[in-house]
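Each reported figure results from applying straightforward, stated rules to the coordinates on display, with no laboratory input. Keep in mind the model is a prediction, meaning the values are calculated, not measured. Every residue, glycine among them, receives a Cβ derived from its backbone with ideal geometry; neighbour counts consider all protein chains shown.
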Amino acid sequence: MRQFRSAGRIALAVLGGLVVAGCGATANGSSPTAQNQTLTVYSDLPVAGPDQARQESIVNGEKLALYQAGGHVGRFHISFASLDDADAKAGAWTPQDTLAAARTASQDTTTIAYIGDWDSGASAISLPLLNETGVLQVSPASTYVGLTDDSPTDGRGEPDRYYPAGGPRTFARLEPTDAVEAQAIVDYMEALGVHRVYVIGDYDVFDADIAGIVARDAPAGGITIAGQTQLDTTVVGTKPSDYAKAAARATSQADAVVFGGSPGPGAQALWQALHDAGPQVKLFAASSLATPAFVAAAGPAAPESYVTSPVLELAQYPPAAQQVLHAYQAAFGTPATAYSLYGYEAMSAILASIRAAGPLGSDRAAVVREFFALRNRDSVLGRYSITPTGDTTLANMAGYTIDSSGRLQFDRDLTTGG
């Protein structure tokens, strides 16, 4: 097995002051007992590869929250272990490394919570194992609807198949689901005068599901579905000419195209092919494509490109967030990102749940109950509650264009009523 970026247990030293030491992992998956004085919060994110900067900013947000809490909750000493499920060569998470990370956390009897994963596909792998051992799992993202509720466009026995033990839910997320974003995309198209849209999803069900939801919801917004198809952008090719026929078919029938898929060379090539085939056609990308590499590669298609994301401009977050952003800069010597706030809140909400459990703060089931009982929590992301299914009531959503330098430029607020 490939080594974790931070193999096994690590000690957390933040700001050259606080040191949060860990204790040894054990070989069984039993729940921590009330006698445990040290609890461990694991983080598993794809820190290696092209998305390293964004993922590191999330991990640093987690560290900052723990540092500001003094590394303790009542009598409990909180240890932190940061794992990396990304393969540097592949530039993305791998199922093998995700499974290894989940096993490491679930087999450690001091584990009280797990922050991760980032990608919905990774959460689909880690969730069943962590749920079976009763570990609270808080994802900063993983927006695929089927992880928590019936997927409106899929019939694969979701979400029950992710909870094989049939016990209480243990998975929650901080970003709104794909269903919320799909409605934002429809609203964005309406605002820009779109009448006919062609919908494309790739073969990764966790990223493509949003395309199916848009196709379902668009007619209610007065937008006609001109067509809908799937393309495997991971193997078809990496040149616009590889997608020329599909692009011509899509753009000849519509004044807009929506694409839900995984970022990568194939997706970038498809984007260029769509623009080449229909230079005046508006191109809408789901948030899975809001990566620096995809946005920078938009090139000539940038003026007609529109990207939705639950991540807002920094100034749009509440005053508490602004304080954290300043503290982050002081702690790490580099500006925070909005993603830092998601890491900060994931850790903060976990610590709050341990605190709310009182003397049962080392009991996994008690901490899960307290997290799912969060109501009207004022956080750096805004006020939110956790639903019984594990979803957030946050409905933050923004629309972005791509500027001439190949960067996202805030265009408008698309936040729904939640």
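A few notes on this one:
- Around the amide H of Ala48, modelled in the peptide plane, lie the amide H atoms of Ala86, all under 5 Å away and 5 or more residues distant in sequence or on another chain.
- Secondary-structure-derived ellipticity at 222 nm for the chain, considering helices only, amounts to -10500 deg cm²/dmol, per-run term -39500 (n - 2.57) for DSSP H runs with n ≥ 4.
- Computing Rg and the Kirkwood Rh from the Cα coordinates of the chain gives a ratio, Rg/Rh, of 0.98.
- Sparse packing (at most 10 other Cβ atoms within 10 Å of the Cβ) combined with a DSSP loop state is found for the following trypsin sites (Lys or Arg not before Pro) in the stretch 118-195: Arg156.
- The relative contact order of the stretch 104-229, computed from alpha carbon pairs under 8 Å that lie at least 6 residues apart in sequence, is 21 percent.
- Relative contact order computed over the chain (Cα-Cα under 8 Å; 6+ residues apart), in percent: 17 percent
- Prolate/oblate/rounded label for the stretch 172-315 (Cα gyration tensor, a/c 1.5): rounded
- Shape annotation for the stretch 195-276: C-alpha extents along the principal axes are 35, 27, 13 Å, from largest to smallest.
- Averaging 1/r across all pairs of distinct Cα atoms in the stretch 38-77 and inverting the result yields a Kirkwood radius of 11.4 Å.
- Overall, the ratio between the Cα radius of gyration of the stretch 114-160 and 2.2 N^0.38 Å, rounded to two decimals, is 1.10.
- For the peptides 235-241, 351-357, 222-228, the ranking by mean Cβ contacts within 10 Å, running from highest to lowest, is 351-357, 222-228, 235-241.
- Candidates Gly222, Gly212, Val197 compared by Cα position along the dipole of the stretch 183-223: farthest toward the positive end lies Gly222, with charges placed on Cβ.
- Rg then Dmax, both in Å and based on the Cα atoms of the stretch 233-364: 20.7, 64.
- Counting DSSP beta bridges with both ends in the chain, the antiparallel % (nearest 5): 35 percent
- Local charge for Val324 was computed over the other residues whose Cβ lies under 14 Å away, with Lys and Arg +1 and Asp and Glu -1, and equals -2.
- Formal net charge of residues neighbouring Gly299 (Cβ-Cβ distance under 15 Å; K, R +1; D, E -1): -1
- Amide proton proximity set for Thr111, modelled H, under 5 Å, gap of 5+: Thr40
- Relative packing of 123-131, 193-201, which averages over residues the other C-beta atoms within 10 Å, highest first: 123-131, 193-201
- Percentage relative contact order, the stretch 67-140, counting C-alpha pairs under 8 Å, at least six apart: 25 percent
- Loop-located trypsin sites (Lys or Arg not before Pro) across the stretch 37-119 with a Cβ neighbour count of 12 or fewer within 10 Å are Arg75, Lys89, with loop assigned by DSSP.
- Additional length obtainable on full extension of the chain from Thr224 to Ser241, 0.36 nm per residue less Cα span: 3.4 nm
- For Lys245, the aspartates and glutamates whose Cα comes closer than 13 Å to its Cα, not counting residues fewer than 8 places off in the same chain, are Asp276.
- Rule-of-thumb Rg ratio for the stretch 94-136 [Cα; 2.2 N^0.38 Å; N residues]: 1.01
- Burial ranking of peptide ranges 41-48, 314-321 (average Cβ count within 10 Å, highest at the top): 41-48, 314-321
- Proximal charge balance of Gln272 [Cβ under 11 Å; K/R count +1, D/E count -1]: -1
- Mean-position separation - Cα centroids, the stretch 35-106 and the stretch 350-418, in angstrom: 18 Å
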